[in-house]
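Structure first, then comments.
The values are calculated or read from the model by the stated rules, or taken from the named source; none is laboratory data. Nothing here was measured: the structure is a model prediction, and the numbers come from that model. Cβ coordinates were reconstructed from backbone atoms using ideal geometry, including for glycine residues, and neighbour counts include every protein chain displayed.
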Amino acid sequence: MSTRILIIDHSPIARLAMSDALKAVPGFEVVGLAGDPHGARSLFRSMQPDVVVIDVDIPGTDSVVLLKALQSERRVPAVAVASSTERSNRLALQTMEHGAIAVVSRHSIMMRQIQDNSANLVQAVRSAAISRGARQPPPRVGAMAPAPRPAAAPLSARAISPLPTPAGRPAPPSAPTPAGSQGYATNASVSVINERMSGPKQSPDMLLPPPRPGAVQPTSPVIAIGASTGGVQALEAILPGIPANSPPIVIVQHMPENFTANFAARLNSLSKIEVKQAAHGDKLRPGLALVAPGGKHLIVKRNGMQYYVDVVDGPLITRHRPSVDVLFRSTASAAGQNGVGFLLTGMGDDGARCLREMRDCGAMTYAQDEKTCTVFGMPREAIRMGAAVEIVPLQQIAGLIGRYAGK
């Protein structure tokens, strides 16, 4: 069964670019393209998409209010598309409180070198599709009851009733690619999408040597947390409950460049501890959480009794940068039995292998349980590999971290 996608974006070029990228993926069906709230609501009701891709910068429109209105009719996972401006970053984080489970950078969508960014969009939509139906609350009283889903091909907001094909199935309106646009549906871009999403993955060996199990000098604990799809909401649930004297915390949340600084600032405003985006050379200390910058790897190092971090470029590891595997491996090497690892909700298997390395080096390790995950991918792999000492629900994690305070 295909995943039906509605794209809401003010830019015709961006709508076509995203549509071409998603139509190139087997199992994806773009059922509507909308450029304004009226078209978005109309297509949302008539086409009943499984996933919504929504521009947070539609002129004259509050995208958060629009997404809330759509979600009040029917709960559907969304992917937010945002620019690098402060306002856009803030709106993107707000949409994640109302159904968005991933953010894609508008700058990356419109770049000339589009291949890796196509893969980012595809992965975000795929993650949203996998999360579809997980613990969805019942519709609100008065919400429109869903009608039988029509069969459809891609539509535009201004072409809601295309002429049928001879086979009786509506055909997508033909639209020329605007001058200067960079379409996605090329053999090269599809090839790179397939390579990134299903081809060989780069091992953390590309960046760091494997840790050598064995006792290291005792220190206070170091908490390492990795998350992907659903992790924004999970971290917003965890960090406010952590006491001010907690051990130092290092975090990798899969998120595009330009968004992690605002995300860290938001977490800081909600928490008793200090939360900031990590900078190269930052020292770890009690009451401080460092969030890996988007597009950079976060590596924990140690000089005597002092832990610090390196923020580095490098290849995609386990198809991600930052990579949870890189964070966990470096924590295993630097902290050994002083480490504590948490692998949270997320698609794929990033972090599973190196959570096992942390455990093999004497660290205490946890995986989030299936019931409270948005996508039970990364924790499932960790459990399968024997990486997790304990499997815990989201609501217990802040308390578990609090137990290590003062040690």
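Data overview
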| read-out | value |
| --- | --- |
| Hits in the range 259-270 - residues which are surrounded by fewer than 23 Cβ atoms within 10 Å (Cβ to Cβ) and polar (S, T, N, Q) | Asn262, Asn268, Ser269 |
| Meets criteria (surrounded by fewer than 24 Cβ atoms within 10 Å (Cβ to Cβ) and either at pLDDT 95 or above or part of a loop (DSSP other than H, G, I, E, B) (or both)) for Ala244 | yes |
| Any hit, the range 381-399, residues being within 19 Å of the chain's Cα centre (by Cα), under 22 Å from Arg126 (Cβ atoms) and modelled with pLDDT of 95 or more | yes |
| Members of the range 390-401 that are surrounded by fewer than 16 Cβ atoms within 10 Å (Cβ to Cβ) and either over 18 Å from Gly230 (Cβ atoms) or not assigned by TED's automatic domain parsing to the domain that holds Ala234 (or both) | Glu390, Gly399 |
| Top-ranked residue of the range 90-127 - restricted to ones that are of a type in the set (Ser, Thr, Tyr) and at pLDDT below 85, ranked as surrounded by the fewest Cβ atoms within 10 Å (Cβ to Cβ) | Ser108 |
| Meets criteria (crowded, with 21+ Cβ neighbours inside 10 Å, of a type in the set (Lys, Arg), closer than 25 Å to Met206 by Cβ and in contact (Cβ under 8 Å) with a residue 24 or more places away in the chain) for Arg329 | yes |
| Evaluation of Glu257 against (1) outside any loop (DSSP other than H, G, I, E, B); (2) in contact (Cβ under 8 Å) with a residue 60 or more places away in the chain; (3) of a type in the set (Asp, Glu) (one fails), failing number | (1) |
| Meets criteria (surrounded by fewer than 24 Cβ atoms within 10 Å (Cβ to Cβ), in the same structural domain as Thr260 (by TED's automatic domain parsing), among the polar types (S, T, N, Q) and at pLDDT below 95) for Thr318 | yes |
| Hits in the range 357-379 (condition: touching a helix residue (DSSP H, G or I) at 6+ places or on another chain (Cβ under 7 Å), over 22 Å from Gly402 (Cβ atoms) and not acidic (Asp, Glu)) | Cys361, Thr374, Val375, Met378 |
| The listed residue being touching a residue at least 12 places away in the same chain (Cβ under 8 Å), farther than 21 Å from Phe259 by Cβ and among the charged types (D, E, K, R), out of Arg285, Arg319 | Arg285 |
| Condition met for Gln368 (crowded, with 24+ Cβ neighbours inside 10 Å, among the polar types (S, T, N, Q) and within 21 Å of the chain's Cα centre (by Cα)) | yes |
| Answer from Pro213, Pro240, Pro247, Pro218 - the residue that is more than 24 Å from the chain's Cα centre (by Cα) and closer than 22 Å to Pro393 by Cα | Pro247 |
